[in-house]
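Have a look at the structure below before the remarks.
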Amino acid sequence: MIDKSSPLPIYFQIEEQLKKQIDNGELQPHDALPSEREYAEQFQISRMTVRQAINNLVNDGYLYRQKGRGTFVAEKKLEQQLVGLTSFTEDMKARGMEPSSKLLSFEIIPASEKIATQLQIDTYAPVYEIKRIRLADNVPMALETVYMSANLIKGLTEEIINQSLYQYIENQSGLKIGQATQTFESSIASDAETVHLKIPKRSPILLIQRNTYLENGTPLEVVRSLYRADRYKFTITMARM
Ligand code: 16G
């Protein structure tokens, strides 16, 4: 409830109340929110204050607006701990979701100079280029492009790629994945990317690039992934240095 005598600003109290309703399931993903006018009447406050609270919740990803239709509760973001080197399949299984992939293209191409440098192979040496939409419970979460040396990883097939790449590398090819470096940047999705990810045009997205190495230091993969910014949140625990 709203406490007008509290030192906490009213918009903040509304935000907290809505967040609580979302967390405890009283408000479910895609539920329509009452209008600003209804909230203003219910709480006996100005519509401006309601709008401020709702704007903040839209900006923080708890709610989303649809032109001409209103404001709705957003799906909860997946919280991904930044510990350990894991695959998409492992990440989804760990949270009880069903991973799957939609293969967009799978080719062997000559390595560009940039990819060759990162994979420490000759320019124009054969590399796999694998483009996949990664889905969790059938919802597109990320678009991933992987480059790997075709001389290092032999015998990749469409069937394998539709399952788990890391599982194949470790269990079938006998190689040991060691470590990776990863960068995170914000970006804006292209029109084609928004179609694949089923998000509105010009949505913000997270560009994640990973360079993975085998235990012996050989570069294994160069990956460019676009993760849905409305569905992902990364957490990291840091110790004071
Ligand atoms: C993750 C990795 C990607 C790796 C893939 C293997 C990021 C940014 N990317 O999506 O580098 O190729 O897992 O997944 O985390 P798979 O074993 O399910 O095919």
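The values are calculated or read from the model by the stated rules, or taken from the named source; none is laboratory data. Please read all numbers here as calculations on a predicted model, not as lab measurements. Glycine also receives a Cβ, built like all others from the backbone with ideal geometry; neighbour counts cover every protein chain displayed. Ligands, DNA and RNA are stripped out before the accessible areas are found, and what is left, the full protein with its side chains, is counted by its heavy atoms. Shrake-Rupley method; radii C 1.70, N 1.55, O 1.52, S 1.80 Å.
Return yes or no: is residue 106 under 28 Å from residue 148 (Cα atoms) and either in the same structural domain as residue 142 (by TED's automatic domain parsing) or assigned to a strand (DSSP E or B) (or both)? Let's see the steps before the verdict.
On the way: under 28 Å from residue 148 (Cα atoms): yes; either in the same structural domain as residue 142 (by TED's automatic domain parsing) or assigned to a strand (DSSP E or B) (or both): yes.
Criteria met by residue 106.
What number of residues within region 1-33 satisfy the criterion of being outside any helix (DSSP H, G or I) and open to solvent by 50 Å² or more (accessible area, probe 1.4 Å)? Step through it out loud before you land on a result.
Our first condition is that a residue be outside any helix (DSSP H, G or I); within region 1-33, this holds for 1-9, 24-33.
Retained after the next criterion (residues that are open to solvent by 50 Å² or more (accessible area, probe 1.4 Å)): 1, 3-5, 7-9, 24, 26, 28-32.
Number of matching residues: 14.
Of these, 179, 163, which one is of a type outside the set (Lys, Arg), open to solvent by 80 Å² or more (accessible area, probe 1.4 Å) and out of contact with any helix residue (DSSP H, G or I) (no Cβ under 9 Å at 6 or more places or on another chain)? So that I can check it myself, show each step before the final result.
Values: 163 fails: out of contact with any helix residue (DSSP H, G or I) (no Cβ under 9 Å at 6 or more places or on another chain).
From the options 179, 163, the qualifying one is 179.
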Q. Any chance region 96-110 includes a residue that's free of Cβ contacts under 8 Å to residues at least 12 places away in the same chain, under 30 Å from residue 224 (Cβ atoms) and open to solvent by 30 Å² or more (accessible area, probe 1.4 Å)?
A. yes
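To keep it simple, each residue is scored yes or no on (1) of a type in the set (Val, Ile, Thr); (2) in contact with an Asp or Glu (Cβ under 8 Å, 6 or more places away or on another chain); (3) more than 11 Å from the ligand (Cβ to nearest atom).
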| residue | (1), (2), (3) |
| --- | --- |
| 138 | no, yes, yes |
| 146 | yes, yes, no |
| 153 | yes, no, yes |
| 157 | yes, no, yes |
| 160 | yes, no, no |
| 169 | yes, no, no |
| 174 | no, no, yes |
| 186 | no, no, yes |
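What about residue 71, is it under 27 Å from residue 206 (Cα atoms) and open to solvent by less than 80 Å² (accessible area, probe 1.4 Å)? Break it down into steps so the answer makes sense when it comes.
Values: under 27 Å from residue 206 (Cα atoms): yes; open to solvent by less than 80 Å² (accessible area, probe 1.4 Å): yes.
Considered against the rule, which asks whether it is under 27 Å from residue 206 (Cα atoms) and open to solvent by less than 80 Å² (accessible area, probe 1.4 Å), residue 71 comes out as yes.
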**Q.** Residue ID - farthest from the ligand (Cβ to nearest atom), chosen from residues in region 111-128 that are buried (at least 18 other Cβ atoms within 10 Å of the Cβ) and assigned to a strand (DSSP E or B)
**A.** 127
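With a cut-off of at least 2 residues that are at pLDDT 95 or above, name the strands (runs of 3 or more DSSP E) lying wholly within region 161-241. Reasoning before the result, please.
Details: elements: 177-188, 204-214, 219-228, 232-235.
Result: 177-188, 204-214, 219-228.
Can you tell me which residue within region 130-145, out of those that are β-branched (Val, Ile, Thr) and touching a Ser or Thr at 6+ places or on another chain (Cβ under 9 Å), is most open to solvent (accessible area, probe 1.4 Å)? Lay out the reasoning, then the answer.
So in region 130-145, the residues β-branched (Val, Ile, Thr) come out as 130, 133, 139, 145.
Restricting the remaining residues to those that are touching a Ser or Thr at 6+ places or on another chain (Cβ under 9 Å) gives 130, 133, 145.
Values: 130: 1, 133: 8, 145: 28 Å².
Going through the qualifying residues, I end up with 145.
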Q | Subset tally (residues that are surrounded by 14 or more Cβ atoms within 10 Å (Cβ to Cβ) and either assigned by TED's automatic domain parsing to the domain that holds residue 136 or of a type in the set (S, T, N, Q) (or both)) for region 39-68 | A | 4
Q: Search region 193-214 for residues being over 24 Å from residue 87 (Cβ atoms) and open to solvent by 60 Å² or more (accessible area, probe 1.4 Å), and hand back the single one that is nearest to the ligand (Cβ to nearest atom).
A: 204
